[in-house]
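Shown next, in structure tokens, is the structure this report addresses.
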Amino acid sequence: MSELKIVIVGHVDHGKSTLIGRLLADTGSVPDDRIEAVRRRCVDQGKDMEYAFLLDALEEEQAQGITLDTTRIQFHSAQRNYVIIDAPGHKEFLKNMISGASDADAAFLLIDAEEGVREQTRRHATILKLLGIRQIHVVINKMDLVGYEQAVFEQIVAVCTDALAQVELQALSYIPMAAKHGENILARSAHLDWYQGRTLIETIDTLKAQHPEADAPTRLPVQDIYKFDHRRIVAGRLESGTLQVGDTIVCWPQGTRTRIKSLESWQRNQPLTTLTAGMSVGVTLEDPVFLQRGTVIAREEAPPLVGDHLKVTIYWLGQQPLRAGKRYTIKLTTQETTCEVAAIDHVYDSSDLSTADALDQVPTNFVGEVTLRTKQPLAFDLFTQVAETGRFVILDGFEVSGGGSIVGLADAVNQAKSQREAEPAAPRQVFRKKLKRSIVIEK
């Protein structure tokens, strides 16, 4: 069975961990003794059964009732295997959601029926858009607190539909439930007889893995290079497209042309001849070209953009505002370099999309349209064309403080520069001496 990754996000106390805990308990996905241990703990504390404690392993989380970090847990139905990501809802911990949700195939946005759409609900929607997650379902939880009223459900659906439309998203479905009581998770609820849609588990089983299309541009960011016997193996994950033995490829940003000699992988009886998106393998090349971590391998006919002035949309989560003129670290696939905020063009509040007046900084939880100037040229794509090589994170010091998407090169000068660099160079041979110095001889 194939594995599919789901992220569940929502405002603090809207019931994410309870929903996941109840789902796992009802499907027998956690051992009975673990459920019983949680039940005894709840009795000792004078509480009703807290299914959230099946996930909240940290004592601090159990004491505060807040999920502080991203939790990944294996789950399976009759259809396939899943990885469920319980992303934090408390806004001080939103930065953990970036790493938690970035590789999800689908998202469930959780809303408390009694509280409705909140400020952080809108911010979560903005982040889901920046991460490129388009397969979104909305769960309206705690319907028991509003008497299972259909009118309340429909009102929240209307407000949420409008909020998602503001960031150009659309929910595939809206599901009413009461997770604490297990209603509408596996089986339909008699209290929700007016609802004719799918249950949660039925909806999960309709999800599709969001793998890049096979005909998308080929992008293989280099993670590392290893020496095995006589082979020099370039390791990485193919983010999009395909690769075959004999393909002519170009290594960016340097623009060196060569060909794929072989595809290498562990634990395979038969040699690989084709590499498809999502596979992590190694390749060997016909020429001993110079490569390093961060190099992007692409087919000759579909090069990436290359430049050092990027137009980006960024969601800022740092403790201090993103400031014009300040230097940060940008991570894009396996590429990493310093960058400077060259200009801030627009700033708006992610909760209501209102525009900010000041353009010298992007405050926490605001979105900015920004120009970044990088120390070294990067190989990348527009987010709308290849999401995997069109999104990035920004570090302030050693802290992940923001993430966003690339919308273009900053100016015509860089457009021309990218075109010039799209002309591949001939392979370069590298001869290494014992002192690990290198001389490069052009063919």
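A short reminder: the numbers here are calculations on the coordinates, not readings from a lab. The shown structure was predicted, so the numbers you read here are calculated from the model rather than taken from an experiment. Every residue, glycine as well, gets a Cβ built from its backbone with ideal geometry; the counts of neighbours run over all protein chains shown.
Okay, here's what the table says:
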| read-out | value |
| --- | --- |
| Relative packing of 188-196, 360-368, which averages over residues the other C-beta atoms within 10 Å, highest first | 360-368, 188-196 |
| Under Karplus coefficients 6.51, -1.76 and 1.60, residue-wise ³J(HN,Hα) of the stretch 272-277 in Hz, glycine/proline x | 6, 10, 9, 10, 10, 4 |
| Gyration tensor (alpha-carbon) shape descriptor, the stretch 220-362, a/c threshold 1.5 | prolate |
| Whether the stretch 102-235 is rounded, prolate or oblate, judged on the alpha carbon gyration tensor where a/c under 1.5 counts as rounded | prolate |
| Computed over the stretch 305-421, Cα set: Rg, Dmax in Å | 13.4, 42 |
| The stretch 173-295: C-alpha gyration tensor shape, a/c 1.5 cut-off, then a/b vs b/c | prolate |
| Among the listed pairs Lys227/Lys331; Lys16/Lys208; Lys261/Lys331; Lys5/Lys142; Lys129/Lys180; Lys331/Lys375, those beyond 19 Å (Cα-Cα) | Lys227/Lys331; Lys16/Lys208; Lys261/Lys331; Lys5/Lys142; Lys129/Lys180 |
